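Student: Got a structure here, written out as structure tokens. Questions coming.
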Amino acid sequence: MIAGYDHFVTLAESLQWDETGIDYSADREAWPRLADTEKTTVLGLIAGFVIAETAVSQELGSYQAAASGNSMEAAFRAQARDEARHARFFDLVAAEVAGVPGADPAARRDALRSLVSIDLVDLFEERLPATAQRLAEDHECLTAAVGLYHMVIEGVVLLAGQHAMLDVLEGLSVRLPGVHKGMELVLRDERWHIGFGSRIVQRADIGRDEADMLLAQGETAAKVWGDLITPAAIETAVRQHRRRLKAAGIKFW
């Protein structure tokens, strides 16, 4: 068992990457040659990531402020840096590879919002900000906030979407190597984020009601991608969520 959170800060430092350092030239050439159905799926997933990563990158300030010690605060700060980079990566892909119109990230996000479910938009643009606001007002809500952010949003929704995107990219008629490389790097970051959140939850005294709520939230949240990910992928995400909660010491009665 990791004693503190410095491990995650050190790990984050070793995993830094630059989204502008990836070569997207082959992706730009390949995009027009994709089948319409392929473009629809890839662009739908990109839209979800643009909305999700923008939202999560904006809400970590409340988590930093509620941190119980310097090492936890530093880990939240390192995560915020990662999430901002993820948001820039997906916006770059939307603009330069998929050709999504818009003068700035906000305009492109508006153009993409209609491509994802209302439930996904609500989760990231309503529920997450509301949770962060409650945390800003009451730092005792940290465990519940981490449960939603790290265990549900990252551990279920984003992880399921990232694996789905990698599967889609592997099966395309024309490769998008820059997008694929960036997705792998995003997934690498998310693994330590989830481990960090799991560690916070593991240290908390989770009761039956909170445990049941975390499980239910995960089972519901896995479906916000709609038809963009397969039922099998949803089932896998929920199964992994339950396993992760049990590994964090949470009992289900």
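The values are calculated or read from the model by the stated rules, or taken from the named source; none is laboratory data. Predicted model, so just to flag it, every value in this text is computed and none were measured. Using ideal geometry, Cβ is built from the backbone for each residue, glycine included, and neighbour counts are taken over all protein chains shown. These area figures cover heavy atoms from the full protein model, side chains too; ligands, DNA and RNA do not enter into them. Shrake-Rupley method; radii C 1.70, N 1.55, O 1.52, S 1.80 Å.
Student: Give me the percent of accessible area attributable to carbon and sulfur for the chain, probe 1.4 angstrom.
Tutor: Ligands and nucleic acids excluded, carbon and sulfur give 50 percent.
Student: Between the helical axis of 177-203 and the dominant principal axis of the chain, each derived from Cα atoms, what acute angle in degrees is found, rounded to the nearest 10?
Tutor: The angle comes out near 10 degrees.
Student: Shifting gears a bit: Can you tell me the alpha carbon radius of gyration of region 17-68 divided by the globular rule-of-thumb value 2.2 N^0.38 Å?
Tutor: Against the compact-globule rule of thumb, the ratio is 1.66.
Student: Rounded to the nearest 20 Debye, what is the dipole magnitude of region 117-253 about its Cα centre when Lys and Arg each give +1 and Asp and Glu each give -1 at the C-beta?
Tutor: Charge dipole of region 117-253: 660 debye, to the nearest 20.
Student: Using θ = phi - 60° and the Karplus form 6.51 cos²θ - 1.76 cosθ + 1.60, what ³J(HN,Hα) does each residue of region 54-65 get, whole Hz, x for Gly and Pro?
Tutor: For region 54-65, the Karplus-derived couplings read 5, 5, 5, 5, 8, 9, 6, x, 5, 5, 4, 5 Hz, x marking Gly and Pro.
Student: Say R0 is 51 Å: what FRET efficiency, to the nearest 0.05, do residue 37 and residue 17 get from their beta-carbon distance?
Tutor: E(calc), rounded to 0.05, equals 0.95.
Student: Work out the length of the dipole vector of the chain about its Cα centre, built from +1 on the beta-carbon of each Lys and Arg and -1 on the beta-carbon of each Asp and Glu, and round it to the nearest 20 debye.
Tutor: 580
Student: For a label point 7 angstrom out from the Cα of residue 173 toward its Cβ, which stretches of region 37-62 have the backbone nitrogen within less than 13 Å?
Tutor: Under cut-off, by backbone N: 37-40.
Student: Calculate for the chain the 222 nm mean residue ellipticity that helices alone would give, adding -39,500 (n - 2.57) per DSSP H run of length 4 or more and normalising by residue count, nearest 500 deg cm²/dmol.
Tutor: -21500 deg cm²/dmol, from helical runs alone.
Student: Dipole of region 46-199 (Lys/Arg Cβ +1, Asp/Glu Cβ -1, origin at the Cα centre): which of 152, 80, 142 lies farthest to the positive side?
Tutor: Ranked along the dipole, the leading option is 80.
Student: Compute the accessible area per residue over the chain, keeping the other protein chains in place, probe 1.4 Å, unit Å².
Tutor: 44
Student: What distance in nm separates the two pseudo spin-label positions at residue 10 and residue 126, each 7 Å out from Cα along the beta-carbon direction?
Tutor: Once both label points are built, they end up 4.4 nm from each other.
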